[in-house]
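The values are calculated or read from the model by the stated rules, or taken from the named source; none is laboratory data. Keep in mind the model is a prediction, meaning the values are calculated, not measured. Cβ placement follows ideal geometry from the backbone for every residue including glycine, while neighbour counts extend to all protein chains displayed.
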Amino acid sequence: AQSVSQHNHHVILSEAASLELGCNYSYGGTVNLFWYVQYPGQHLQLLLKYFSGDPLVKGIKGFEAEFIKSKFSFNLRKPSVQWSDTAEYFCAVNGGSGNTGKLIFGQGTTLQVKP
Amino acid sequence: ETGVTQTPRHLVMGMTNKKSLKCEQHLGHNAMYWYKQSAKKPLELMFVYNFKEQTENNSVPSRFSPECPNSSHLFLHLHTLQPEDSALYLCASSTRTGGNTEAFFGQGTRLTVV
């Protein structure tokens with residue numbers, strides 16, 4: 001069955017610390033990969049996406065993610081977090097260019113950044 | 001502002017009530033989706049519409065009835081719900097299904113069934 005696993009459910013960091021959130025997926029075939037963020041009281045918004053090409057993708061607000069096909073992973077990174085990065089982060093996948101539009105989501109990781 | 005607007009933002013309904021959730025997108029997209037976000041569970045797809053046609057029903061109970069009158073509007077009609085249906089219901093849209101596209105989400109309707 002298709003699935004997405006996020007290893008960290010709750011992460012607490014101090015400002016300026018580096019961040020890496022793990023995401024692994026189980027999906028047969030080509031994939032599109034996404035990280036979404038949900039700030040408190042706001043809607044889900046896209047941080048970054050991978051469709052094809054360079055496996056290192058850069059998104060908004062200094063975030064980046066690396067697609068490692070051999071490991072079925074798409075980990076999210078940021079070198080130095082800020083208090084405003086406190087939010088819930090979701091990894092998601094769908095089935096490449098022929099997909100049905102259905103996104104499979106991970107359980108989410110709550111990031112708390114202490115000032 | 002996301003371009004996808006959901007109303008109401010909050011809804012409390014009894015198990016015998018009938019209510020509807022509304023979603024409207026102003027992005028010119030042709031695909032629309034309903035997702036359910038329950039506590040401590042991943043977001044789960046419920047329905048997909050592409051050019052007004054339902055293309056996916058993720059084994060959703062019939063007490064949830066979607067309607068897509070045009071590519072800009074999507075409804076979720078609710079009747080005889082159960083308390084376990086309490087959740088955040090999210091609407092999303094994308095340019096279409098079947099391509100390298102991203103989904104844009106509304107703010108959701110927080111539904112409580114009493």
Answer yes or no as to whether A:Leu56 is surrounded by fewer than 13 Cβ atoms within 10 Å (Cβ to Cβ), under 15 Å from the mean Cα position of the chain (by Cα) and either at pLDDT 95 or above or under 27 Å from B:Arg110 (Cα atoms) (or both).
yes
Restrict the check to segment A:39-51 and report whether at least one residue is within 14 Å of another protein chain (Cβ to nearest Cβ), touching a helix residue (DSSP H, G or I) at 6+ places or on another chain (Cβ under 8 Å) and of a type in the set (Gly, Ala, Ser).
no
By residue number, the members of segment B:72-100 that are of a type in the set (S, T, N, Q), within 8 Å of chain A (Cβ to nearest Cβ) and outside any strand (DSSP E or B) are B:Thr97, B:Asn100
Looking at segment A:53-72, is at least one residue closer than 27 Å to B:Val48 by Cβ and among the hydroxyl-bearing types (Ser, Thr, Tyr)?
no
Residue list for segment A:88-115, filter: more than 14 Å from chain B (Cβ to nearest Cβ) and either in contact with a helix residue (DSSP H, G or I) (Cβ under 8 Å, 6 or more places away or on another chain) or among the aliphatic types (A, V, I, L, M) (or both):
A:Leu111, A:Val113, A:Lys114, A:Pro115
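Select from segment A:59-70 the residues that are over 14 Å from the mean Cα position of the chain (by Cα) and within 14 Å of chain B (Cβ to nearest Cβ) and list them in ascending order.
none
If I ask for residues that are outside any loop (DSSP other than H, G, I, E, B) and either surrounded by fewer than 16 Cβ atoms within 10 Å (Cβ to Cβ) or hydroxyl-bearing (Ser, Thr, Tyr) (or both), which ones from segment B:46-71 would you list?
As a first pass, look at segment B:46-71 and keep what is outside any loop (DSSP other than H, G, I, E, B): B:46-50, B:53-57, B:64-70.
Within segment B:46-71, B:Tyr49, B:Glu53, B:Gln54, B:Thr55, B:Asn57, B:Ser65, B:Glu67, B:Pro69, B:Asn70 qualify.
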Quick count over segment A:20-47, residues being in contact (Cβ under 8 Å) with a residue 24 or more places away in the chain and closer than 16 Å to A:Gly106 by Cβ, is 18
Considering only residues that are part of a loop (DSSP other than H, G, I, E, B) and aromatic (Phe, Trp, Tyr), which ones fall in segment A:70-115?
A:Phe72
So which of B:Leu90, B:Leu78, B:Leu74 ends up being surrounded by 15 or more Cβ atoms within 10 Å (Cβ to Cβ), farther than 15 Å from B:Val4 by Cα and under 14 Å from the mean Cα position of the chain (by Cα)?
B:Leu78
Please give the strands (runs of 3 or more DSSP E) falling wholly within segment A:1-65 in which 1 or more residues are over 18 Å from A:Gln112 (Cβ atoms) and among the aromatic types (Phe, Trp, Tyr).
A:23-26, A:32-38, A:45-50
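So if I check each of B:Pro66, B:Pro61, which one is closer than 16 Å to B:Thr109 by Cα, of a type outside the set (S, T, N, Q) and away from chain A (no Cβ under 13 Å)?
Values: B:Pro61 fails: closer than 16 Å to B:Thr109 by Cα.
Criteria check complete, one pass: B:Pro66.
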Kindly provide the set of residues from segment B:99-114 that are surrounded by fewer than 18 Cβ atoms within 10 Å (Cβ to Cβ), in contact with a strand residue (DSSP E or B) (Cβ under 8 Å, 6 or more places away or on another chain) and not charged (D, E, K, R), ordered by number.
B:Asn100, B:Thr112, B:Val114
Return the residues of segment B:88-111 that are at pLDDT 95 or above and on the phi > 0 side of the Ramachandran plot; say none if nothing qualifies.
B:Gly108
Go through B:Ser65, B:Ser71 for me and flag whichever is more than 20 Å from A:Ile104 (Cα to Cα) and modelled with pLDDT under 95.
B:Ser71
